[in-house]
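K.L.:
Attaching a single structure in structure tokens format; questions to follow.
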Amino acid sequence: MANHFDDANREYVIEDMFPRRDWLNYLWNGNTVLCLTQFGDGNAFTNLGSTNRQIDAGVRYLYVRNRKNGKYWAMNRNFNQENFDRFECHVGIGYHTIISEVDGIHAELTFMVPMVGRVVMVKAVVTNVLKETLPLDITFVCHPTVVM
């Protein structure tokens, strides 16, 4: 696995799930900044007047549970240090997309900070690529903080 530039899509692609240090990416507009790793961890801040406030606690995980066999995992975080069938992090201009595949479940998790506003946007797409029907539970977990 090698990290590389994808010139055609104007992205940097990270394929290493176990780097010596986390890769960091920053997305921002005039009010909000989002710092995130190749897994989507990291903090988001917004400015209110002359004060910067944290708007989330850095936890953003997309969990999938296969109700058929009871197995569950986070599509964008490898807590058990097991190899996923596929893992890529695509860092482009204005977005950060994590693509993973585990046991026939394909997921794409995209983070964005819009041009205006005090918000972090997250888009999740989960696809069963197997030929069999699977009963799945899908849960997105985020730890927001209170902005006053």
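K.L.:
Rounded to the nearest 20 Debye, what is the dipole magnitude of the chain about its Cα centre when Lys and Arg each give +1 and Asp and Glu each give -1 at the C-beta? Working shown, then result.
P.N.:
Working: 14 positive and 16 negative charges, 109 e Å.
Approximately 520 debye in magnitude.
K.L.:
Tell me the label-point distance for the pair ARG10, MET115, using the 7 Å Cα-to-Cβ offset, in nm and rounded to one decimal.
P.N.:
For the pair ARG10/MET115, the computed spacing is 1.4 nm.
K.L.:
Now for a separate question. So what is the relative contact order for the chain, in percent, with contacts set as C-alpha pairs under 8 Å and at least six apart? Show your work: numbers first, answer last.
P.N.:
On the way: 324 pairs, mean separation 35.9, N = 148.
With pairs under 8 Å counted, the relative contact order is 24 percent.
K.L.:
Which trypsin sites (Lys or Arg not before Pro) from the stretch 76-141 combine a DSSP loop assignment with at most 16 other Cβ atoms within 10 Å?
P.N.:
Working: sites: ARG77, ARG86, ARG118, LYS123, LYS131; in loops: ARG118, LYS131.
Answer by residue number: LYS131.
K.L.:
Here is a follow-up. Looking at ILE105, GLY92, ASN31, which one has the Cα that reaches farthest to the positive end of the dipole of the stretch 1-139 (charges on Cβ: Lys, Arg +1; Asp, Glu -1)?
P.N.:
Farthest along the dipole direction, towards plus: ASN31.
K.L.:
Give me the lysines in straight-line cross-link reach of LYS131: C-alpha distance below 24 Å, same-chain residues under 8 apart excluded.
P.N.:
LYS68, LYS71
Coordinate-derived values only; no laboratory data. Because the structure is predicted, anything quoted here is derived from the model rather than measured. Counting neighbours? That spans all protein chains shown, and the Cβs are built from the backbone with ideal geometry, glycine included.
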